[in-house]
Structure formats: structure tokens, C-alpha cells
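Single-structure report; data block below.
Throughout, read-outs are computed from the coordinates displayed, never taken from laboratory work. Just so we're clear, the structure is a prediction, and the values are computed from it rather than from any experiment. Counting neighbours? That spans all protein chains shown, and the Cβs are built from the backbone with ideal geometry, glycine included.
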Amino acid sequence: MKITDHLKKENIFLNVTLDNKPDVLKYISNACATNGIINDPELLYNGLIAREETMSTGVGGGIAFPHTTNPETHNASVILIRLAKPIDFESLDLQPVNIIIGLIFPASDPGIHVRMLARVSRLCQNPDFLDAIKQAEDTDQLIEQISIIENGTGFH
């Protein structure tokens, strides 16, 4: 499984200015509605909030993986946001976050949830992946770099 199979160019947002975690979750919800992933952004937002109330998805190292299942989608989707300035995300390491990898999973496929989280976690341990996100000048370049990195690893 590759995240590039679920990450579309229109779902990559570079140098976005958002002030806090709720703003990020709203941004993800509205982007998913705008790009046809879901119909009801409020339903998605509520799912993301509920997940954050369980435990922050700020995993450390400046990265967060907000994620939820949604009954309106039939395919997993990835929303990648590089923030213009880091924000508090109540991360496990208490450090601010500037890379957001939002994951939306179909409620009908619980297995993909675990597989995608594992894949993204593994990719985030690769410094080339993080550098590609931090240094990308445009979405085309970033998709190409991520694809090269994914094709160079043995874990699909």
C-alpha cells in the first residue's frame, strides 16, 4: 500500500496559515467537502474532534496524523498540509506541529485504517520523506518526491 495511491494533488496544501488544532481540523473537513471526498464537512469535523478527544494525533517531531472514519467515503484519502508556521497540537513530545497528514477512512473498511496509519508512520521515520515535505516548492514536485521515496522502500 502506498499513500500516493490515496494522495491527490488537489489534497496537498503548502504554506497554509492556521492558528490552532480546531482550525486545522476544519480546514481538512472543508477541503474534503470541496474536493468531493465527503459531502458533510461538519460530520467529518466531528469525527476528527472525537478522535482528538481520545488522544492527540500529534505524534511528535512536528507531525500530526488527524484521522477518522466516515460513512460518506468509499475510499481512503490523504490530506497533506504543510503549515507556514508551527502550531500547538498537544503533541506527545509537547513540540509544535507543522506537518499535518490527515487520513479519512471509509467506515466500511476498518482494515485500511490500520494499514494506512502504519504506512504513514513508517514513511515519517524516513528523513527523506520529511525533507521532501519541508522543501517542496509545489505539489507536483512533492507528489513526485513521495512516489520516488515510496518506490525505493520495501514496505508497500
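Of interest is the spacing of the C-alpha centroids, which for the stretch 16-68 and the stretch 85-156 amounts to 14 Å.
Using unit Cβ charges (K, R positive; D, E negative) and no other charged atoms, how large, in debye to the nearest 20, is the dipole of the chain about its Cα centre? Please report the intermediate quantities before stating the final value.
Numbers: 12 positive and 20 negative charges, 53 e Å.
The calculated dipole for the chain is roughly 260 debye.
When only Cα pairs below 8 angstrom with a gap of at least 6 residues are kept, the stretch 3-151 shows a relative contact order of 26 percent. Calculation over all alpha carbon pairs of the chain in 5 angstrom steps from 0 returns a P(r) of 2, 10, 20, 24, 23, 15, 6, 0 percent.
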